[in-house]
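Notes for the one structure printed next.
Just so it is clear, none of the values below were taken in a lab; they were calculated from the coordinates. Only a predicted model underlies this, so the values are computations on that prediction, with no experimental measurement involved. Backbone-built Cβ (ideal geometry, glycine too); neighbour counts: all protein chains shown.
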């Protein structure tokens, strides 16, 4: 058995403590390759996507606030001069 092959007789246990599911790769480079993948990875991806969306929203809000503040700053500078 090569180093890259998977022993499908023994299910791996992930760092999260759950058993990993036996999956089959569908990517062009590894098509048909069997591997163990944790189901928690899908949850982690979802959590990261939600965090990304939240951060994008906060960024947009902060950019809008910065535009308003820059406009006020220009007005104050004009009044001062």
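Brief remarks on what is shown
- Within the range 32-51, considering residues that are closer than 14 Å to residue 20 by Cβ and part of a helix (DSSP H, G or I), the one farthest from the chain's Cα centre (by Cα): 40
- Which listed residue, of 22, 59, 73, 55, is part of a helix (DSSP H, G or I), surrounded by 10 or more Cβ atoms within 10 Å (Cβ to Cβ), on the phi < 0 side of the Ramachandran plot and over 22 Å from the mean Cα position of the chain (by Cα): 73
- Tally of residues being exposed (fewer than 10 other Cβ atoms within 10 Å of the Cβ) and out of contact with any strand residue (DSSP E or B) (no Cβ under 9 Å at 6 or more places or on another chain) across the range 28-52: 2
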